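> Below: one structure in structure tokens.
The values are calculated or read from the model by the stated rules, or taken from the named source; none is laboratory data. This one's a predicted model, so the numbers in the text were calculated from it and none came from an experiment. So basically every Cβ, Gly included, is an ideal-geometry build from the backbone, and we count neighbours across all protein chains shown.
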Amino acid sequence: MANRVCVLCGAKYDYCPNCDADKGKPIWMTCWDKAECHDIWVTKLLQ
Ligand SMILES: [Zn+2]
């Protein structure tokens, strides 16, 4: 079940920082579904 929506592309995805399955994933996954979206967002903010 997708419990999150990427703030950049609107894709639905799963991420649970407290679940064993997602513990090793990066913390930015609370807002973005993948590294590309995170990078684009950060790049925009820095311009
Ligand atoms: Zn995205």
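> Out of (1) at pLDDT below 95; (2) touching a strand residue (DSSP E or B) at 6+ places or on another chain (Cβ under 9 Å), the odd one out for residue 5 is which?
Answer for residue 5: the failing condition is (1).
> Which residue is farthest from the chain's Cα centre (by Cα), if the candidates are limited to the chain and must be part of a helix (DSSP H, G or I) and of a type in the set (S, T, N, Q)?
Only one residue fits best here, namely 43.
> Which one is surrounded by the fewest Cβ atoms within 10 Å (Cβ to Cβ), of the residues in the stretch 6-32 that are closer than 18 Å to residue 44 by Cβ and within 10 Å of the ligand (Cβ to nearest atom)?
10
> Separate question: Looking at this structure, is residue 39 at pLDDT 90 or above and away from the ligand (no atom under 13 Å from the Cβ)?
Considered against the rule, which asks whether it is at pLDDT 90 or above and away from the ligand (no atom under 13 Å from the Cβ), residue 39 comes out as no.
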